[in-house]
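Derivation of every value follows stated rules applied to the coordinates shown; laboratory data play no part. Please read all numbers here as calculations on a predicted model, not as lab measurements. Quick reminder, even Gly has a Cβ in these numbers, built from the backbone with ideal geometry, and neighbours come from all protein chains shown.
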Amino acid sequence: MNVLVCISNVPDTTSKINFIDNDKLFDTNGVQFIINPNDEFGLTRAIWLQQKDQAIVTVVTVGDISCEPILRKCLAIGANKAVRIDYNALDGFAVAEQLKSLCEKESYDLIICGRESIDYNGGMVGGMLAQMLGFSYITNCISIDLNGNEVEAKREIDGGIETLSSSLPIVIGAQKGLVEESDLIIPNMRGIMQARQKPLDVLASVNSSVKSSVDQFEKPPVKGSVKLVDPENIDELISLLHNEAKVI
Amino acid sequence: MAILVYAESQNGKFKKSSYEAVSYGRALADESNQNLVVISINSEEPKVLANYGPDKVLSIKDASLINFTAQNFANAISEYAKKEEASILVLSSTADSKYFVPLLAVKLDAGLASNVVSSPISISPLVVKRSCFTNKAFNNTTLKGSTNIICVLSNSFGVHEKQSQPEIIEVNTSAYNDNKVKVKSVDKVIGTVSIADADIVVSGGRGLKGPENWHLIEGLASTLGAATACSKPVSDMGWRPHTEHVGQTGKPVASNLYIAIGISGAIQHLAGINASKVKVVINNDSEAPFFKVADYGIIGDAFDVVPKLTEKLKAFKSQ
Ligand SMILES: Cc1cc2nc3c(=O)[nH]c(=O)nc-3n(C[C@H](O)[C@H](O)[C@H](O)COP(=O)(O)OP(=O)(O)OC[C@H]3O[C@@H](n4cnc5c(N)ncnc54)[C@H](O)[C@@H]3O)c2cc1C
């Protein structure tokens, strides 16, 4: 079985978000980049398939050379090979088209994307890719079981869980629950050494249609200071919420 | 050309976020001089939409769309978007919409912006402001498709009433039978408010010491008609189900009121709940980072403050 895990290179969750160039560019200065957390849950699930069913796990990212350390990390975690599509990823639609070109060349049975990235939070690449390829698609996926070509998956919905059946080939949107945080694989020395020998192919981009551009960033307004209410005077809080904030 | 809004319903009733999406569509239609067409699917009350200003309502009744599946909903909405020659589609940012909207965007070859927080900055070119970096920032996005789709973040634009006399057209079809993905069963906690739909969310952290104390959170939540949520360690330790975990790696929250009890306010927690309008913190540590982002705060012991607050709110509500 061939599994593709799509990886996004994102700022660490504790990063301070700043912008440069008149707020036109994200300031990467001092920012550590990590595997997008939702993608990492997906990668771990893929590695389980490799261990159990000898699946071949390929990781792919669409981006410039600065994304390669993250791909090496995925290889150290256990992926068999890595692909970087050399393209400045700015728009979800265009990224999905780049991935589609790879998927048409190779044949993947299972494609795992993160539910969304924590930088642009578009949440669109997996679904777009599925539709472009005509594959099934299940997002917010918290479990997947494969039996031959049959797929049984669970997905988190508002206020509950839905159980779905489908078949390969399929694209899923991964999130926590697909594996637990404690299941995430921390690369060991052996993994890191092996990763250096594993293939990391760089593919040229294909023509794609850019359907959006990010022009300007803005930080939320600085918050006024908190209004403290004495624990002995809870009526005041109720009055503030009712009369001032008008939320109750 | 038209502005097309999909008004999502559940068990035949519209979600509040649908009225927000229709309000957004109305503003957009006025600014761009287009008609506002609203689609509902298996709604029992399409007439209610007339409170929010549509020019036309397409009320689709279709047995094949009673259960939500992303592919069939994308197929149905794209069909009507093409028929109505929609230039811009507006959806709310509910879990279902987020699921099918990427499929819809490909079918319509459309530009897509999710988590949009305000009316367009410009119509031509179409520029919208959206939240990014999990609510740590905003960006202006220019949509360049010949058709474009906007998903409005809950509680960002607001519901604006505007009476109209739309033509209501009932469409009976049974045409959508893609079954690549089939729903086998749904396991839903009945009778509670879901985090995504809630106006108010009451959330508990490690400061509550253990699952046996959650009646404090639940009592306050039920008094307010609120959804319950929790911080990540609370769900990691199994005190609460994963579906309640909010934050950067959990569910996003964009409620009108978010009450954090015994939650320190770590950056990853705050990122996920920051889109909420009004934040209240109850924590016994005055140094807890949550106080820096909250609108109102009580420095005090949750075990003392929360029962009192619940009692007082009960009295307030029964006035
Ligand atoms: C990659 C990554 C992703 C993460 N994603 C998330 C996420 O999505 N969501 C999330 O929540 N966290 C997330 N975290 C974890 C986050 O960093 C914090 O560890 C977590 O939010 C802390 O939860 P807490 O506030 O419940 O617990 P604590 O930080 O332990 O805080 C407990 C608070 O309770 C207060 N308290 C104690 N007793 C009382 C009392 N009697 N009355 C009142 N107050 C009391 C304490 O003063 C303290 O402030 C993530 C971390 C990482 C590294």
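Some points to look at:
- The loop-placed trypsin sites (Lys or Arg not before Pro) in region A:145-248, going by DSSP, that have at most 16 neighbouring Cβ atoms within 10 Å of their Cβ come out as A:K223, A:K246.
- For chain A, the longest principal axis of the Cα atoms and the long axis of helix A:68-77 meet at an angle of about 70 degrees.
- Karplus-derived 3J(HN,Hα), 6.51/-1.76/1.60, for each residue of region B:44-57, Hz, glycine and proline x: 8, 9, x, 4, 4, 4, 4, 6, 10, x, x, 8, 8, 10
- Taking the inverse of the mean 1/r over every pair of distinct Cα atoms in region B:2-172 gives a Kirkwood hydrodynamic radius of 15.6 Å.
- Distribution of pairwise C-alpha distances over region A:112-183, 5 Å bins, in %: 4, 17, 26, 26, 19, 7, 2, 0
- Prolate/oblate/rounded label for region A:2-217 (Cα gyration tensor, a/c 1.5): rounded
- Note that region A:34-50 has calculated 3J(HN,Hα) couplings of 10, 5, 3, x, 5, 5, 5, 4, x, 4, 4, 4, 5, 5, 4, 5, 5 Hz, one per residue in order, obtained from phi through the Karplus relation 6.51 cos²θ - 1.76 cosθ + 1.60 (θ = phi - 60°); glycine and proline are x.
- Amide H within-cut-off set for A:V83, under 5 Å, with H built and near neighbours excluded: A:V59, A:V60, A:T61, A:D201
- Label point distance in nm, B:S286-B:I123, each placed 7 Å from Cα along Cα→Cβ: 5.4
- Inter-site label distance for A:N147 and A:I185 at 7 Å from Cα along Cβ, in nm: 2.6
- The protein assembly as shown - convex hull of the alpha-carbon atoms, volume per residue in Å³: 153
- For region A:27-82: relative contact order, % (alpha-carbon pairs under 8 angstrom, 6 or more apart): 34
- Whether chain B is rounded, prolate or oblate, judged on the alpha carbon gyration tensor where a/c under 1.5 counts as rounded: prolate
- All-pairs alpha carbon distance profile, region B:200-318, 10 Å steps from 0, percent: 15, 52, 31, 2
- Distance between region A:155-173 and region A:23-69 - C-alpha centres, whole angstrom: 22
- Cα centroid separation - region A:216-248 against region B:269-306, whole Å: 10
- Gyration tensor analysis over the Cα atoms of region B:51-110 returns equivalent ellipsoid semi-axes of 17, 15, 13 Å (largest first, whole Å).
- Under 16 Å from a label point set 7 Å out along the Cα-to-Cβ vector of B:Q319, the amide N atoms of region B:215-249 belong to B:224.
- Vicinal HN-Hα couplings computed from phi for region B:170-186 (Karplus, 6.51 cos²θ - 1.76 cosθ + 1.60; Hz; Gly/Pro x): 8, 10, 9, 9, 8, 10, 10, 10, 5, 10, 4, 10, 10, 7, 8, 7, 10
- Using a simple spin-label model with pseudo-atoms 7 Å out from Cα toward Cβ, B:V159 and A:N88 lie 4.4 nm apart.
- Between 0 and 90 degrees, the angle of helix B:16-32 with respect to the longest Cα principal axis of chain B falls at about 50 degrees.
- Cα centroid of region B:36-72 to Cα centroid of region B:120-199, whole Å: 13
- Within region A:171-248, the GluC sites (Glu not before Pro) that combine a DSSP coil assignment with at most 13 other C-beta atoms in a 10 angstrom radius are A:E180, A:E232.
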